[in-house]
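Below: one structure, written as structure tokens.
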Amino acid sequence: MKVLVTDKLADEAIKMLKDNNFEVKYEELDHDSLLNEIAGYDALIVRSRTKVTADIVEKGASGNLKVIGRAGIGVDNIDVKKATELGIKVVNAPTGSTISVAELAVAHMLALARSIPKADSSMKRGEWIKKQLKGVELYGKTLGLIGSGRIAQHVARIARGLGMNILVYSPHCTDEKAQKMGAKRATLEEVLKESDFVSLHIPKTEETYHLIDEEKLSLMKPTAYLINCARGGVVDEDALYRFLKEGKIAGAAIDVFEEEPPKGSKLLELENVILSPHIGASTREAQIRAGTICVEQVMKVLRGEEPDFWVNRQ
């Protein structure tokens with residue numbers, strides 16, 4: 001069987017496919033090139049770069065395509081609805097980047113609390129602005145988690161070690177689950193009003209698009225910080241810019257953007273925001289895990305077995 005891989009994948013994952021006698025084409029393709037080729041493959045594996053649009057899914061379904069694998073957790077770059085309609089399985093690797101994304105969220109939190117990027121850049125300019133860099137401790141502060149999945153749970157584990165109090169909001173979070181996280185279950189409004197740091201850990205869906213908008217930002221303390229290492233689009237970036245510029249919240253750290261790269265984004269102008277280029281899963285360990293887990297799921301489908309991480313199971 002033939003597998004097409006159109007985004008960078010760990011060498012270990014490619015080797016796994018070849019060792020199991022799958023024919024692999026490994027090449028970054030643009031939309032039109034992918035559309036022309038997809039029908040000849042049994043499986044497509046992507047990360048976040050490739051957009052698997054409805055026309056690509058349809059063309060694949062007209063040929064041999066049986067499964068689309070996402071080497072990561074988010075599948076908003078795949079038309080899952082169209083794949084489901086046409087009987088194509090979509091699988092992912094939700095556990096691959098858990099630790100890496102959680103650690104980045106905490107790193108951003110620490111960087112915000114101690115103004116580390118500003119300290120670094122000022123030193124490299126030959127400045128000594130010690131008096132301007134008074135920060136805050138994380139110890140004793142309240143961390144509000146929006147989302148209660150694997151990544152949020154690992155962030156909570158680290159935050160407990162730092163002596164933080166934790167609130168969690170999710171429609172799927174029970175009191176028992178919150179207790180296991182060492183957190184207190186709260187409403188979204190309570191999390192935003194009471195937290196010193198708010199960290200987002202939710203997928204991008206119709207329900208979560210611009211969940212953090214002007215109304216939600218207005219609930220936050222002026223001394224509070226927002227961290228988004230989840231998905232671009234869950235924060236209204238224009239509203240966030242206004243709140244940061246006007247000092248209505250203290251700062252933000254953003255790893256994901258509605259448009260990537262965020263060309264012309266006003267957030268690039270601000271000193272009280274830390275930006276990183278969607279690097280949550282960009283560790284050697286996460287890339288190996290995400291790639292090999294995704295490949296395992298794809299191989300299961302092609303062998304007629306049931307995958308563990310089947311996104312559009314019905």
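In the condition set (1) closer than 15 Å to V91 by Cβ; (2) among the β-branched types (V, I, T); (3) within 24 Å of the chain's Cα centre (by Cα), I14 is compliant with all but (1). A single member of V295, V234, V301 is in contact with a helix residue (DSSP H, G or I) (Cβ under 6 Å, 6 or more places away or on another chain) and either within 16 Å of H108 (Cβ to Cβ) or of a type in the set (A, V, I, L, M) (or both), and it is V295.
Among all positions in the stretch 282-303, there is no residue which is touching a Lys or Arg at 6+ places or on another chain (Cβ under 8 Å) and more than 21 Å from I78 (Cα to Cα).
Conditions tested, residue by residue: (1) touching a strand residue (DSSP E or B) at 6+ places or on another chain (Cβ under 9 Å); (2) part of a helix (DSSP H, G or I); (3) not assigned by TED's automatic domain parsing to the domain that holds E207.
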position: D238; (1), (2), (3): no, yes, no
position: L244; (1), (2), (3): yes, yes, no
position: K248; (1), (2), (3): no, no, no
position: A253; (1), (2), (3): yes, no, no
position: V256; (1), (2), (3): yes, no, no
position: E259; (1), (2), (3): no, no, no
position: P262; (1), (2), (3): yes, no, no
position: L267; (1), (2), (3): yes, yes, no
position: V295; (1), (2), (3): yes, yes, yes
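Would you check which residues across the stretch 89-117 are touching a residue at least 60 places away in the same chain (Cβ under 8 Å) and over 25 Å from Q153 (Cβ atoms) and list them? Hits for the stretch 89-117 are K89, P117. Scanning the stretch 237-249 turns up no residue that is more than 23 Å from T6 (Cβ to Cβ), touching a residue at least 40 places away in the same chain (Cβ under 8 Å) and under 19 Å from the mean Cα position of the chain (by Cα).
The values are calculated or read from the model by the stated rules, or taken from the named source; none is laboratory data. Since the model is a prediction, treat every value here as computed from it, not as a measurement. No Cβ is skipped: glycine too gets one built from the backbone with ideal geometry, and neighbour counts run over all protein chains shown.
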